[in-house]
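Notes follow the structure.
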There are 4 protein chains.
Amino acid sequence: MRVGVLTGGGDCPGLNAVIRAVVRKGVAEYGFEFVGFLDGWKGPLENLTTPLGVDQVRGILPRGGTILKSSRTNPFKIDGGVERIKDNLAANGVDALVAIGGEDTLGVAARLHAEHGVQVVGVPKTIDNDLGATDVTFGFDTAVSIATEAIDRLHSTAESHDRVMVCEVMGRHTGWIALQSGLAGGADVVLIPEQPLSVERCCELIGRRHARGKDFSIVVVSEGWPLTFDEETTGEVVGSADTDAFGHVRLGGIGERLGGEIERHTGFETRVTVLGHIQRGGSPTAHDRVLATRFGVVADRLLTEGGWGRMAALRGGAFTDVPMADAVAELKSVPAELYAEASGFFG
Amino acid sequence: MRVGVLTGGGDCPGLNAVIRAVVRKGVAEYGFEFVGFLDGWKGPLENLTTPLGVDQVRGILPRGGTILKSSRTNPFKIDGGVERIKDNLAANGVDALVAIGGEDTLGVAARLHAEHGVQVVGVPKTIDNDLGATDVTFGFDTAVSIATEAIDRLHSTAESHDRVMVCEVMGRHTGWIALQSGLAGGADVVLIPEQPLSVERCCELIGRRHARGKDFSIVVVSEGWPLTFDEETTGEVVGSADTDAFGHVRLGGIGERLGGEIERHTGFETRVTVLGHIQRGGSPTAHDRVLATRFGVVADRLLTEGGWGRMAALRGGAFTDVPMADAVAELKSVPAELYAEASGFFG
Amino acid sequence: MRVGVLTGGGDCPGLNAVIRAVVRKGVAEYGFEFVGFLDGWKGPLENLTTPLGVDQVRGILPRGGTILKSSRTNPFKIDGGVERIKDNLAANGVDALVAIGGEDTLGVAARLHAEHGVQVVGVPKTIDNDLGATDVTFGFDTAVSIATEAIDRLHSTAESHDRVMVCEVMGRHTGWIALQSGLAGGADVVLIPEQPLSVERCCELIGRRHARGKDFSIVVVSEGWPLTFDEETTGEVVGSADTDAFGHVRLGGIGERLGGEIERHTGFETRVTVLGHIQRGGSPTAHDRVLATRFGVVADRLLTEGGWGRMAALRGGAFTDVPMADAVAELKSVPAELYAEASGFFG
Amino acid sequence: MRVGVLTGGGDCPGLNAVIRAVVRKGVAEYGFEFVGFLDGWKGPLENLTTPLGVDQVRGILPRGGTILKSSRTNPFKIDGGVERIKDNLAANGVDALVAIGGEDTLGVAARLHAEHGVQVVGVPKTIDNDLGATDVTFGFDTAVSIATEAIDRLHSTAESHDRVMVCEVMGRHTGWIALQSGLAGGADVVLIPEQPLSVERCCELIGRRHARGKDFSIVVVSEGWPLTFDEETTGEVVGSADTDAFGHVRLGGIGERLGGEIERHTGFETRVTVLGHIQRGGSPTAHDRVLATRFGVVADRLLTEGGWGRMAALRGGAFTDVPMADAVAELKSVPAELYAEASGFFG
């Protein structure tokens, strides 16, 4: 069997580890041949290929990024896109595809399989941990680790200098990174999209700490937290979903704006850190390397079994597979009870 | 309710995070009072106590070690030990105990409950990941991370200088740390107690790499791997369980001896790293801090429910509780299939 | 001799290491007694003291922040401030002071000595490396390390996803952190206050890389870089010195604004990271711990010699002392030749 | 000018950064062409070459190891070795060489220049910081950082569990790594070759801590510390310079043996960590990357000036050059006064 591999969407530590696992095990155990498609779906669309064998995956396990590069190209939005993909797969003698990516990438894969019979299996990827179909996936642990290390550092400077420190972390639709890093770092207030405390409530929590004699606070905020005010105060609800000239959501904005509001409301000196893409770059944690490798093993199994339209998943602590359509169906939010339990440790 | 807390056995990153969680949630949510017993079971035995409230647990979340210190004291091996413990608990007005520890510490707790009616709940602890009653516990991820970082570093020097690098990691009875860090670090040979490859087989694997043109190898070995030789060669099987004058197993020995054998058998320059206690010291990973906090939450719930003789556990990805006796009953070994699957990525 | 110690100004990894060194050596070798003044100059002003002996400095060597806390209080701006300080020193039986801080803190110390005869020695502190009187001081290496690690992470994500990554680092008046971390991290464009390339020039450098087939760029920018445009294009020069309602310069602004301009000028997707205070919090590097300790040794020597009005310094690789007034006199800028030499490695 | 580059001797973080700097600046500024010789002096001896241009050095700045690989081959010990080198240089059209290495590699370079007129410049390399001709060189800061991080981790476990922790670090002839990491990590006893305290003295220092109520100790020992006993006790002096079957000094031995002696003398449970080659592998610190880059700049300057027989050096904080013969002439030991000053902070 000749297998194409591609990675789509945003960066996520562990992508290379998946590629390596798929290729190493596929070659050694099942005798597959592999070809890499570059730049996500743009690869099979424009026939951008690269050799992909055991030699190409050597040494990439600890590396961030993806040797196959990525893009957000969607062939269904391009006239004749699907046909070009099918032609290019045929031209390269490719029998099956492994698509590694998030909601969008796997959404394309699911439709290519369901509507056009393309033989494709998937590996789910999300830094934000917001795919309902799997307990967790690679990259999330790395992001949480980096955010926690930043919160640790902010603690020492906050404690010594009586300040409010705002740390903006990733999470457009869900607050998983904020919640876990806030819990691991001992944050005092954690603001997430699913449980959007208002600015006033945030400042009240800071004020209570102050009243208890603690003159510093660490606030962790998801980039997707809506800057919310209590209705009776201003009636204003400013969404964070400002988009820039290129149509993508602006990073960094919410942290800065929140910091300004905290200073205005509390009078406490406030400083802002915006972690941005350092959360999704660089070497994956050991945890994520193992997870990514195991997901790759499942993908190879799906290839041998003809599990087209399915993707690797971790459910109840066990590696298994589920329909790719599931990955797209359902956003996994932070449950209210979990946020409530965690809140007992904030402040 | 007045609750005593103690930590027993070897160090494990996350102990402080458990103590903090138990105390913070216990005070805020359930109105418990706490008292710390120092030095494991020696604390209630010799009435070594320390104040333990919200102030005492401030700032300890990211810290390694345990503010309650530890020991390997076993009250059942001391004449009148159990009575002294019961007297001291009574003298301190302690209604219930939280025992945080491994097989030995929880074994004592289980017997104190079963045989003497002491109201005790447990939190399992093992750096080695060898407790059958829980999927995983805190400290293991930190140990694997540290070992993986070491293997990463050894890679660059091995690659540049044509060497065999031996890295001895923890794991007296099980190979979990070796397996996971070997997988995460891209090791070439992984030697564990459960699947004890012989020295000759290890050297054969190194030789094969050499034959394929790769002139370096990374060998990860559990401290508990028995230095085994093929019968037909020497008939010699040297156990690693040498004990020193104080009756504890000698660390470090197996790595050095293996390195010597590899040089002798292959003629390749071999260097040895013995990670020792750096694997169980220092700040826990974000993953372990969250895990430890969640285990603390379960312990508090057990206290409120009167779940005496039970301990926190993670089963199938969910936090739950199990009888403490289970922790002692069963050693969780690396399954043969998992080792076989992982071996596909070694070499 | 009874000696007061205080730390003033912003946080800087290594402050605790200085305090520890001054106290440990002072007690053991010279028989000094110490008292800690809290919150910088506010301590002697308002008689905020804390015990400071060998016990208090135990375990603080690797810790960020300062156990003596800090402030930006300036007694010369307070009516009767100097007299209150002198009274409080006398009331505490303090013969001499060790002032650890930057330009402002040491400026106060220098005047207290010169104009009011207070027996004070200094230890210079600047995360920005901008004190002319010393080759380097503690904290800078830590800040550069943290910024470099961030740039490393941005590299992998930039390479895989064809982006411009902007990383805003500290440095209000000088570009040392940007220059060193840019050099260590392999940045493509480095924008510093002393050599303010325009936005257009920055975009031209990015464009050239693109023309050479490299579709990602890392831009490191000092927070103090003035957002400059070529006159003929817009005539606009927007300073970064916006101040907020509390009179301090706004962090984070310049990175975000630069990112927006790069997107506007080049059309490349641009992402922004604002490291903020994580650069000055947390555990100091080994290098900074040793440096801080050695500066503490010099401070003790100055105390024994009556070197009032002088401070520790590193000159030409040797530990020595200089008048504190020197620390204030001269800002150490990045020399044009050094920037030019480094620029050979950017892009 | 066509320039050959080679790296010799043991691994050292920063080698790739030097190669990159020499090539990037050499190509861009001086129009040099480069060729890489593989495996140290074995490369020009056996004509092992590799292309070396701007493309080959891309992305290597943060990487440990050396893309040119290394060896300890000495052409002066091989019949006709020098002639073969001269022939191969001529055959490759190589006008000049950059030799990056330690005492041995530079010793060969110095003789090739002095005795055979080979046009060679050098860049000094030593993880141990023991070259007299330069204040410091790259790799040392990385080694000290890694050792300090290990000592930090040992602290938390030692404190919690009443133990003696022995940490063996690199340093065959000098104690620089032990001294600096011991100072940065807050070690209690530091044993170095230059100031060889006896086992009994070491145990006495541990005992004194115990008498002061501290029940743990961290002992840092250079691999080259001679296991020394007080004459009156045993008369025994066991050197650490045991060599194995391949003639190289055995790593790891001294730490294990010291640990055993401490247990025997004090009765305290003792644990041993042998850092080994993790100290010289992996990514260099920011500090070492900058240092390595600057050394590369000096090497290029020497090439343009015809500074044959000279090498880059850092003297009194300034980058300069010195005769290569100096690197070989003089071993830089830890001065007695520096050890004495540092000892004030141990224990």
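The angle between the Cα long axis of helix A:286-305 and the longest principal axis of the Cα atoms of chain A comes to about 30 degrees, rounded to the nearest 10.
Eigen-decomposition of the gyration tensor built on the alpha-carbon atoms of chain A gives equivalent ellipsoid semi-axes of 42, 20, 17 angstrom, largest listed first. In chain A, the longest principal axis of the Cα atoms and the axis of helix A:176-185 are about 60 degrees apart.
Computed over chain C with a Gaussian network model linking Cα atoms closer than 10 Å, the most mobile of C:Arg271, C:Arg257, C:Arg301 is C:Arg257. Give me the Debye-computed log₁₀ of I(q)/I(0) at q = 0.16, 0.17 Å⁻¹ for segment D:246-347, equal point scatterers on Cα only, no solvent, two decimals. Log10 of I(q)/I(0), two decimals: -1.07, -1.12. Sparsely packed loop sites in segment B:181-219 (the trypsin sites (Lys or Arg not before Pro) outside DSSP H, G, I, E and B with at most 14 other Cβ atoms within 10 Å) comprise B:Arg212. Here the dipole of segment C:77-176 is about 240 debye; that uses its Cα centre as origin and unit charges on the Cβ of Lys and Arg (positive) and Asp and Glu (negative).
Charged neighbours of D:Thr50, selected by a Cβ distance under 15 Å, balance to 0 (K, R count +1; D, E count -1).
Averaged over the residues of peptide C:285-298, the number of Cβ atoms from other protein chains lying within 10 Å of each residue's Cβ is 5.
Applying a DSSP loop filter and a limit of 14 other Cβ atoms within 10 Å to the trypsin sites (Lys or Arg not before Pro) in segment C:53-160 leaves C:Arg58. Counted without the sites themselves, the longest stretch of chain A free of GluC sites (Glu not before Pro) in a DSSP loop having at most 13 other beta carbon atoms within 10 Å is A:1-230. Relative contact order for chain A: what is it in percent, counting Cα pairs under 8 Å that are at least 6 residues apart? With pairs under 8 Å counted, the relative contact order is 23 percent.
Extent along the principal axes, Cα only, for the protein assembly as shown: 81, 80, 68 Å, with the longest axis given first. In order along segment D:39-53, the Karplus-derived 3J(HN,Hα) couplings, from 6.51 cos²θ - 1.76 cosθ + 1.60 at θ = phi - 60°, round to 6, x, 5, 5, x, x, 5, 10, 6, 8, 10, 8, x, 9, x Hz, and Gly and Pro are given as x. Counting only DSSP beta bridges with both residues in chain C, the antiparallel share comes to about 35 percent.
Tilt of helix C:253-266 relative to the longest C-alpha principal axis of chain C, in degrees (0 to 90, nearest 10)? Here the helix axis deviates by roughly 10 degrees. Beta bridges assigned by DSSP with both partners in the protein assembly as shown are antiparallel in approximately 35 percent of cases.
Ordered by the number of other Cβ atoms lying within 10 Å of each residue's own Cβ, fewest first, A:Met311, C:Met170, D:Met1 fall into the sequence D:Met1, C:Met170, A:Met311.
Cα centroids of segment B:147-182 and segment B:1-52: 35 Å apart.
Read-outs throughout are calculated quantities, based only on the coordinates presented, and are distinct from any laboratory measurement. Computed from a predicted model, the values in this text were never measured in an experiment. Every residue, glycine as well, gets a Cβ built from its backbone with ideal geometry; the counts of neighbours run over all protein chains shown.
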